[in-house]
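Peer 1: Once you've had a glance at the structure underneath, I'll fire off some questions.
The values are calculated or read from the model by the stated rules, or taken from the named source; none is laboratory data. Treat the numbers as computed from the prediction; the structure is a model and nothing was measured. For neighbour counting, all protein chains shown are included, and Cβ atoms are generated from backbone atoms with ideal geometry for every residue, glycine included. Calculation scope for accessible area: heavy atoms of the full protein, side chains included, ligands and nucleic acids excluded. Shrake-Rupley method; radii C 1.70, N 1.55, O 1.52, S 1.80 Å.
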Amino acid sequence: MEIQDIIRPENKVYSAPELLDQNVHMHYCPGCSHGVIHKLLAEVIAEMGLAEKTVGVSPVGCAVFAYNYIDVDWVEAAHGRAPAVATAISRLWPEDVVFTYQGDGDMSAIGTAESIHAANRGENIVMVFVNNAIYGMTGGQMAPTTLVGQKTATTPYGRRVDLNGHPLEITNLMAILDGTCYVTRQSVHTPANVRKTKAALKKAFQNALDKKGTSVVEVVATCNSGWKMSPEKANEWMAEHMFAKYPLGDLKDVK
Amino acid sequence: MAKIKGAVTVNVERCKGCNLCVVACPTDTLSLQANEVNDRGYHYAYMSNPDACIGCCSCALVCPDACIEVYRVKVD
């Protein structure tokens, strides 16, 4: 059988999500995990039929231009204030599904207060937290989630506990709050993990539809440019080092 | 026994040559172009061994730029 006979519309089993604008070139570095997470969000929103009633809140960080890529309504928040903006939107538009898309600088550094209090109030929002253990956009400085011993632009000899403190597991903090209904930690470095992350996002959006409270989906991600590695080496490094500190799986799932 | 044959298309101009699809492919179907580049100068992915493709979608799932589409047929 020739390739032309296989490549026919009736045989198509996987295509790019419609909500992800194919004509807009994503600015992310080659191999960046953000692209996969954008793709999964676009797929989940389309499959659940929520394209017309979803509002995203984009952060400050690498994902600041997320509103250019996924064709739903978006609001750009000040740095770290995405959960506060999302709180307002979800209270004013209770029928809409509101999600925030935040990096580790946005959620676990400048926006810690907003994130924890939005989760503690049990706001009916979905928080997508992309944890790549580094400040990617500003040039690879240490983030609160940077691992002990990890080299960054501001910790060239590795992060030291006596000087820089311990890595912050903010997702674990969210899990002990009564306002959260679903807290999970996933990854997108293999096809199986991509499928699991998609299922987790679907569940989080369903929770928002069911008005169950705050859902937090952490995605342990790579920043191959910041880590100074090739994309596949970054995935290997993440599996070897990041998962020891940030183990994958559900932290909380209220029935 | 029915055999599965697959094929992929790559949106060449969107591909950034990150190599993640090549690593994810279980049948070594894909490679990056050694000499050819797209308009942005990236060595884009292509099917170097198209007969091996089983249409499993692994490449498309891990592709960060959503530039891979997958086709699959059953051959009797």
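Peer 1: Residues of the stretch B:13-28 being facing another protein chain (nearest Cβ under 9 Å), assigned to a helix (DSSP H, G or I) and open to solvent by less than 40 Å² (accessible area, probe 1.4 Å), which ones?
Peer 2: Listed by number, the residues that qualify are B:Leu20, B:Val22, B:Ala24.
Peer 1: Separate question: Restricted to the stretch B:44-69, and to residues that are over 22 Å from A:Ser187 (Cβ atoms) and within 10 Å of chain A (Cβ to nearest Cβ), which residue is most open to solvent (accessible area, probe 1.4 Å)?
Peer 2: Among those that are over 22 Å from A:Ser187 (Cβ atoms) and within 10 Å of chain A (Cβ to nearest Cβ), it is B:Asp51.
Peer 1: Okay, moving on. Of the conditions (1) in contact with a strand residue (DSSP E or B) (Cβ under 7 Å, 6 or more places away or on another chain); (2) without any contact (Cβ under 8 Å) to a residue 40 or more places away in the chain, A:Val130 fails just one. Which one is it?
Peer 2: Just one mismatch for A:Val130, condition (2).
Peer 1: Which of the residues belonging to the stretch A:22-48 are open to solvent by less than 60 Å² (accessible area, probe 1.4 Å), assigned to a loop (DSSP other than H, G, I, E, B) and more than 9 Å from every other protein chain (Cβ to nearest Cβ)?
Peer 2: If the condition is that a residue be open to solvent by less than 60 Å² (accessible area, probe 1.4 Å), assigned to a loop (DSSP other than H, G, I, E, B) and more than 9 Å from every other protein chain (Cβ to nearest Cβ), then A:Val24, A:Met48 are the ones that fit.
Peer 1: Now, a different point. Does A:Glu232 satisfy the condition of being within 20 Å of B:Lys16 (Cβ to Cβ), surrounded by fewer than 23 Cβ atoms within 10 Å (Cβ to Cβ) and acidic (Asp, Glu)?
Peer 2: Details: within 20 Å of B:Lys16 (Cβ to Cβ): yes; surrounded by fewer than 23 Cβ atoms within 10 Å (Cβ to Cβ): yes; acidic (Asp, Glu): yes.
Answer is yes for this residue.
Peer 1: Any residue at all in the stretch A:4-20 that's touching a residue at least 24 places away in the same chain (Cβ under 8 Å), touching a helix residue (DSSP H, G or I) at 6+ places or on another chain (Cβ under 7 Å) and either within 21 Å of A:Cys223 (Cα to Cα) or away from chain B (no Cβ under 14 Å) (or both)?
Peer 2: Going through the stretch A:4-20, the residues touching a residue at least 24 places away in the same chain (Cβ under 8 Å) turn out to be A:17-20.
When the remaining residues are screened for being touching a helix residue (DSSP H, G or I) at 6+ places or on another chain (Cβ under 7 Å), the result is A:17-20.
Filter once more, so that each one left must be either within 21 Å of A:Cys223 (Cα to Cα) or away from chain B (no Cβ under 14 Å) (or both): none.
So far as the stretch A:4-20 goes, no, none of its residues is touching a residue at least 24 places away in the same chain (Cβ under 8 Å), touching a helix residue (DSSP H, G or I) at 6+ places or on another chain (Cβ under 7 Å) and either within 21 Å of A:Cys223 (Cα to Cα) or away from chain B (no Cβ under 14 Å) (or both).
Peer 1: List pairs: first in the stretch A:168-179 and under 18 Å from A:Lys245 (Cα atoms), second among the aromatic types (Phe, Trp, Tyr) and open to solvent by less than 60 Å² (accessible area, probe 1.4 Å), Cβ under 8 Å, 6+ apart or cross-chain?
Peer 2: A:Glu169/A:Tyr246; A:Ile170/A:Phe129; A:Thr171/A:Phe129; A:Thr171/A:Tyr246
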